[in-house]
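Each remark here refers to the structure printed beneath this line.
The values are calculated or read from the model by the stated rules, or taken from the named source; none is laboratory data. Keep in mind that this is a model prediction, so the values were computed, not measured. Glycine also receives a Cβ, built like all others from the backbone with ideal geometry; neighbour counts cover every protein chain displayed.
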Amino acid sequence: MPLTPRLTLITTGGTIAGQAVSAADTTDYTAGALDPSALIAAVPGLTDLAQLRVDALLSIDSKDMSPAHWLTLLARVHYHLAQADCDGVVITHGTDTLEETGWFLHLCLPPGKPVVMTAAMRPATALSADGPMNLYQAIAVAAHTSSTDQGVLVVMNGHIFAAADIVKADTQALGAITAPTRGPLGTAQPVQFYHPIALTQAGCIPTDALAGQTELPRVDILYVAAGSDPDLLSAAVERGAQGIVLALPGNGSLPENWRRPALAALARGISVIRSTRVGHGRVAHSTDAALPAASGELNPAKARIALMLALAIGTPELSARLFA
């Protein structure tokens, strides 16, 4: 890298660009309302960290993020990383679906130039907005030489996380983004990594496999509570779902009244994955070969993305790797 790294900032909206009527309001606001120049103006010292080029890609609330948006974002990240005058990419995003976009990018981007995501829990207009510091620290991490070959990273609340590891664990707390299984990789100020990222699945989707695609196969998540009727599964299949992720009790435990509909869906060629509604923990593979496959350590949201990509690519080896 040159003495001052050259980074591209891709903005997608979210709370970090949110605007409220009152500076005291941290919950009632419009996400993605501020343009990138306003974000940058709120963070003194950025030009000391890097030369910034801005790509204002989206201005949406991340609750409205879709697979089509992921594919568009992936194409833009690929484009910028391929430029000789780009040393890394920083992405601003909303926290509501940060873990999903981060996991998607983790699977589709091989380690190389730094790719760092950041977000905020409070709008930019709040008295105690966390976005400016998060953006500053994300750019500092992307500009740091130790961030090369670390895969997709997320910087929030002073921590560096692997994008593959994060979940949103609180509706309002500044520390809502966590990595419950592996914890943070390091600290953002000063930039320091204190344990390595697990990169076994990073970039496992071939670079050109999604070229030209504007959508991914439909995969639905069904939350199975005590006494839930399995007609939900049949309805999802009839509406065109190519895959189903079941958010099940405990260790991906399939209720008896769901067993026959799940096996019927499998017999029709619909992919069914047993995940868990529990906060974290691995779903073990069953000795009952007739049962749907387990999600391993993937929660329902991440299992859905993995299944979408597996269906899009269409290789059994990929499915086995994603749900190991």
Flag for Gln213 being modelled with pLDDT of 95 or more and not hydroxyl-bearing (Ser, Thr, Tyr): no
Condition met for Leu254 (assigned to a loop (DSSP other than H, G, I, E, B), hydrophobic (A, V, I, L, M, F, W, C) and surrounded by 14 or more Cβ atoms within 10 Å (Cβ to Cβ)): yes
Qualifying residue in the range 240-248 (condition: surrounded by 16 or more Cβ atoms within 10 Å (Cβ to Cβ), touching a residue at least 12 places away in the same chain (Cβ under 8 Å), within 30 Å of Thr178 (Cα to Cα) and of a type in the set (S, T, N, Q)): no
Residues that are surrounded by fewer than 24 Cβ atoms within 10 Å (Cβ to Cβ) and under 21 Å from Glu99 (Cβ atoms), drawn from the range 261-298: Arg277, Val278, Gly279, His280, Gly281, Arg282, Ala294, Gly296, Glu297
Hey, Ala75 part of a helix (DSSP H, G or I), surrounded by fewer than 18 Cβ atoms within 10 Å (Cβ to Cβ) and modelled with pLDDT of 95 or more or not: yes
Number of positions in the range 161-198 that are in a strand (DSSP E or B), more than 20 Å from Ala301 (Cβ to Cβ) and of a type outside the set (S, T, N, Q): 4
Qualifying position, being crowded, with 24+ Cβ neighbours inside 10 Å and closer than 17 Å to Ala38 by Cβ, among Leu127, Leu98, Leu135: Leu135
Number of the condition not met by Met117 [criteria: (1) surrounded by fewer than 24 Cβ atoms within 10 Å (Cβ to Cβ); (2) touching a Leu at 6+ places or on another chain (Cβ under 8 Å); (3) over 19 Å from Gly212 (Cα atoms)]: (1)
The lone exception for Leu135 - which of (1) outside any helix (DSSP H, G or I); (2) in contact with a Ser or Thr (Cβ under 7 Å, 6 or more places away or on another chain) it fails: (1)
Matching residues, the range 31-54, being out of contact with any Pro (no Cβ under 6 Å at 6 or more places or on another chain), closer than 16 Å to His93 by Cα and surrounded by fewer than 17 Cβ atoms within 10 Å (Cβ to Cβ): Asp35, Ser37, Ala38
Flag if Leu233 is out of contact with any helix residue (DSSP H, G or I) (no Cβ under 6 Å at 6 or more places or on another chain), in contact (Cβ under 8 Å) with a residue 24 or more places away in the chain and either loosely packed, with under 15 Cβ neighbours inside 10 Å or closer than 22 Å to Leu298 by Cβ (or both): no
Residue match in the range 168-191 (condition: of a type in the set (D, E, K, R) and over 19 Å from the mean Cα position of the chain (by Cα)): no
Failed item in (1) within 30 Å of Phe161 (Cβ to Cβ); (2) modelled with pLDDT of 95 or more, with Gly203 passing the rest: (2)
